[in-house]
1. Residues with beta-carbon under 12 Å from that of G51, excluding G51: net charge, scoring Lys, Arg +1 and Asp, Glu -1?
2. Can you give the extra length, in nm with one decimal, that the chain gains between F353 and D250 once fully stretched, where that is 0.36 nm per residue apart less the Cα-Cα distance?
3. Could you give the size of the charge dipole of the chain about its Cα centre, using +1 on the Cβ of each K and R and -1 on the Cβ of each D and E, expressed in debye and rounded to the nearest 20?
4. Tell me the net charge near G108. Cut-off is 9 Å between Cβ atoms, G108 excluded, with +1 for each Lys or Arg and -1 for each Asp or Glu.
5. Can you list the HN-Hα couplings for the range 241-254, worked out from phi with the Karplus curve (6.51, -1.76, 1.60; θ = phi - 60°), rounded to whole Hz and with x for Gly and Pro?
6. Between helix 306-318 and the chain, what is the angle of the helix's C-alpha long axis to the longest principal axis, kept within 0 to 90° and rounded to the nearest 10?
7. Per DSSP H run of n ≥ 4, the term is -39500 (n - 2.57); total these for the chain, divide by its residue number, and report the mean residue ellipticity at 222 nm rounded to 500 deg cm²/dmol.
8. How long are the semi-axes of the equivalent ellipsoid of the range 320-394, taking √(5λ) for every eigenvalue λ of the Cα gyration tensor, in whole Å from largest down?
Amino acid sequence: MESIKKIFKIGYGPSSSHTMGPHRAAEMFKERAGDASGYRVTLYGSLAATGKGHFTDKTIIDALAPKPVEILWRPDVQHTFHTNAMLFEALRGEEVTDQWKIYSIGGGELADENSVMDHEERYEENSMTEIVEHVEKYGLNFWEYVEQHEDPDIWDFLAERWEVMQKTIVNGLQNNGVLPGGLYVRRKATQYYVKAMSYKPSLQGRCLVSAYALATSEENAAGGLIVTAPTCGSSGVLPAVLYHLKQNHDYNDKYILRGLATAGLFGNIIRTNASLSGAEVGCQGEIGSACAMAAAAANQLFGGSPQQIEYAAEMGLEHHLGLTCDPICGLVQIPCIERNAFAALRALDANLFAMMSDGKHLISFDKVVKTMKLTGKDLPSLYKETAQGGLAVD
């Protein structure tokens, strides 16, 4: 299993698979192609179906500037390896001097048919069952297990991500107006925050969590700077929960970073054994994974045992099984933004449910991850980030 650093990437929204991944691929091809006079880029599957709503063409053109770029859209072509396929061609006049087929597999990651780019194994264990057995045997916390397997700079790395997460929430709470894209969706985070402050404590905390999640998700939808957690489309869940615990439960940054490490570990299990890509497995792979990560982090901060933490994460993912990805007009706005708020609240509910238990449960986290992958394969392409089914249909 690779480093948890692959989970947390700093970049601009609205989509890790449709914006961040293609931008990175275009930059790599530009360096590889040398003195090309222009480029032709063919987008396939989900990238073509919802690429315009995710600014895929714009981010590729920006990365390949100042040379001219022709974008071809082929939503009807589904590649077996992954639906988010791109074919880059370098041109000199009419001659194709170089070409490269690459896939944006979710979370900003790139892969070809052979391997994920920049692959480096860090962990011997590849399942949560194995990890729980290991930490129990040696008396470790999950964050200590992460610390043992990562580079010494892991805490500086996570601290930088946490700083960006907090700034994104603050910016989102201050910004108003209509989100770009043509749906004329107004930002709600400020409104929710102001109303939350007038509620009684029994309701105020949950309302603030919603405001924090909306703040990040709206910043993402506007193309703002965010941290994938584990994707752009689900970037509001984990920061909202952690920010709430810092602001309203007085957890300091040292403990928050430990929660981030544990969240990254659970996200990494999903990334390794299933998928984080809405285009591949539906929104269960994005929002479900984010909810599991946030539930695990919260349960650790509240003093949960390894079994309780694993239980909280299992519930966070289990109760999003089958969630479709059907964004209206291909924009990361409806239903995506509200889903971040609901998943953040559900993560806290999963944490509470696990804390009330003794940690024993019949369905393991690994079983739910496997089930999520199989469910994603069974979902028709209409419900996997193509904007051709479900809520996206007029």
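The values are calculated or read from the model by the stated rules, or taken from the named source; none is laboratory data. Remember, it's a predicted structure, so these values are computed and weren't measured experimentally. Ideal geometry is used to build each Cβ from the backbone, glycine not excepted, and the neighbour counts take in all protein chains shown. Side chains are part of the model used for accessible areas, which takes the heavy atoms of the whole protein and leaves out ligands, DNA and RNA. Shrake-Rupley method; radii C 1.70, N 1.55, O 1.52, S 1.80 Å.
1. +1
2. Numbers: separation 103, 0.36 × 103 = 37.08 nm, distance 2.15 nm.
Working it through step by step, the gained length comes to 34.9 nm.
3. 1420
4. Net charge around G108: +2.
5. Each residue's phi maps through the Karplus curve to give 5, 5, 5, 4, 5, 6, 6, 10, 10, 6, 6, 7, 4, 4 Hz.
6. The helix 306-318 is inclined about 50 degrees to the chain.
7. -16000 deg cm²/dmol
8. Square roots of five times the eigenvalues give 29, 17, 6 Å.
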